[in-house]
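Let me begin by presenting the structure, written as structure tokens, before commenting on it.
The values are calculated or read from the model by the stated rules, or taken from the named source; none is laboratory data. Nothing here was measured: the structure is a model prediction, and the numbers come from that model. Cβ coordinates were reconstructed from backbone atoms using ideal geometry, including for glycine residues, and neighbour counts include every protein chain displayed. Accessible surface is based on the protein model in full, side chains and every heavy atom, while ligands, DNA and RNA are left aside. Shrake-Rupley method; radii C 1.70, N 1.55, O 1.52, S 1.80 Å.
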Amino acid sequence: MDLTPLIEALERHDTVEIIGNSGSGLTTLANQIHETWPHAAVVGQDPIAHITFLRDTVIEEVAIGLEQHGVPREEMQARCEAILAAAGLAELAEHNPTKLSGGQTRRLAIAAVAILEPEILVLDDPFAGLDPNSAARIATLLRSLPSKLVLLGTRPRMAGEQFTLIDASLQPHTQPPTAPVLPAKVTPPVLPALDLGEVAATRGGKKRKWWQFRGAEEPVFTAGPIHLVARPGEVVWLRGANGAGKTTLLRALAGLDGNPGLEKTHGITVSLALQRAADQLAESTVRAFVDSDEALARLAEPAGSLPGIAFDPDSHPIDLPAAHLRLVQLAQVFAQGRQLVLLDEPNVGLDAPGRERAHALIADALANGQAIIMTCHDETFAAEVGEFGSVTARKLLAQSYP
């Protein structure tokens, strides 16, 4: 790919954004920059890839890069504390980096790379899964860096020169935002409500394993309690800041992490779409993963104004573009036909066409009488769901460490 337009833009501006749909080559572009520009650093689309699993605390994780550069201890600690404060992670400095929420992990990944102050910092979809306050903090942090910024994403997020990536070519970004084509208003079947009662979940505080020489010092985290009623054909929008415990609660409802789950406690069948779609993969082909020829056929066929999704059912799901992997995951959980479907940040990774296709899948599920509990920091996405379905917002209060 010819990077000349990007090089020239970085000479004129501190921030350049490159917009493209999923599969257009944004991640390939990030890799090309990393391989060909010696003074560029990249924060990839998957924040987990930036966690080394070599350190026990968040601040130690951030310090690794500075350690490798031989920065003196006092300077290193001061810089780490400053960037954690800027990223809104100061209170989590002594927490285990593998126990953070998805949004907190993304902020940690950005901080761990940004602290090195590279000449050029490339960020692939840096605001995905962040609540509004966290996104504002990260935007402020990025503007304060001495680095030139290259932001990759499916829509503009910060002021600066903008390009659209089309056919492996950088073109001036002139495409005006268009309103999505949403499904028709859903008329769900009349079925009894699913009263879940007061629900809560905990994590941490696990007993010492027989092979561990010292007991775990991880604090007990409590999410909830919150009274939830899920009605067939309707959506409960579970709101809350990054780290409030939304994912912890959904996993507990699904019977994960040692929890009994709703099927055992209430007789309610449940499917869960994990926040990180790749974590849900246990099969080596798309066909085996979805396990529904009907669902695959619906994805491949046009839906209203949407073209069909072109993919090989025998390909590995991890080889799909991010938006397609998310859609395949949604198709899989809805095809299970469970009474209650839990969607953890289902908009993350979606481009504009993928977003419309996700709405079509959600509308089909509601029309079939499935109840949905959804977490989502993108208020626009939730509002779009409200255009064709009934949405009730519930807020989960901040995390608790008793």
Rounded to a whole number of µm²/s, how large is the Stokes-Einstein D of the stretch 194-395 at 4 °C and 1.567 mPa s, given Rh as the Kirkwood radius over C-alpha pairs?
73
Against the rule of thumb 2.2 N^0.38 Å, how large the Cα Rg of the stretch 279-329 comes out:
1.07
At 1.4 Å probe size, with every protein chain present, just tell me what the per residue accessible area of the stretch 3-172 comes to in Å².
45
Mind listing the long-range amide H neighbours of Thr164? Cut-off is under 5 Å, sequence gap 5 or more, other chains count too, H placed in the peptide plane at 1.01 Å from N.
Ile19, Gln171, His173
Principal axis box of the stretch 97-180, alpha-carbon based, largest edge first, Å:
39, 33, 22
Based on the Cβ-Cβ distance of Glu301 and Thr178, what FRET efficiency does E = 1/(1 + (r/R0)^6) give at R0 = 25 Å, to the nearest 0.05?
0.65
Förster-model FRET efficiency, 41 Å R0, Thr140 and Ala200, C-beta, rounded to 0.05:
0.75
Amide proton proximity set for Val43, modelled H, under 5 Å, gap of 5+
Val122, Leu123, Asp124
For the stretch 241-321, take every pair of Cα atoms, bin their distances at 10 Å starting from 0, and report each bin as a whole percent.
15, 33, 31, 20, 1
With a probe of 1.4 Å, find how much accessible area the stretch 194-395 has per residue, and write the answer as a whole number in Å².
44
How long are the three semi-axes of the equivalent ellipsoid for the stretch 232-288, computed from the Cα gyration tensor as the root of 5 times each eigenvalue, in whole Å, largest first?
21, 17, 13
So, in Å, what gap is there between the alpha-carbon centers of the stretch 331-396 and the stretch 49-105?
34
Contact order relative to length of the chain, as percent, for alpha carbon pairs under 8 angstrom and 6 or more apart
20
Based solely on its DSSP helices, what 222 nm [θ] is calculated for the chain when runs of n ≥ 4 H residues each add -39,500 (n - 2.57) and the sum is averaged over all residues, nearest 500 deg cm²/dmol?
-10000 deg cm²/dmol
At 1.4 Å probe size, with the rest of the protein present, what percent of the exposed accessible area of the chain is carbon and sulfur atoms?
51
May I ask you to work out the translational diffusion coefficient for the chain at 37 °C, viscosity 0.692 mPa s, via Stokes-Einstein with Rh from the Kirkwood sum over Cα pairs, reported in whole µm²/s?
146
Find the relative contact order for the stretch 194-395 and round it to a whole percent, using C-alpha pairs within less than 8 Å whose residues are 6+ positions apart.
26
Ranked from the most accessible area to the least, with a 1.4 Å probe and all protein chains present, what is the order of Glu94, Glu301, Glu17?
Glu94, Glu301, Glu17
Residues whose modelled amide H sits under 5 Å from the amide H of Val199, counting only those 5 or more places away in sequence or on another chain, are Ile226, His227, Leu228
For the stretch 312-392, the Cα convex hull volume per residue in Å³ comes to 95
Using only the alpha carbons, work out the radius of gyration and Dmax of the stretch 25-167 in angstrom.
14.6, 48
Over all pairs of distinct alpha carbons, what does the Kirkwood formula give as the hydrodynamic radius of the stretch 1-65, in Å?
14.2
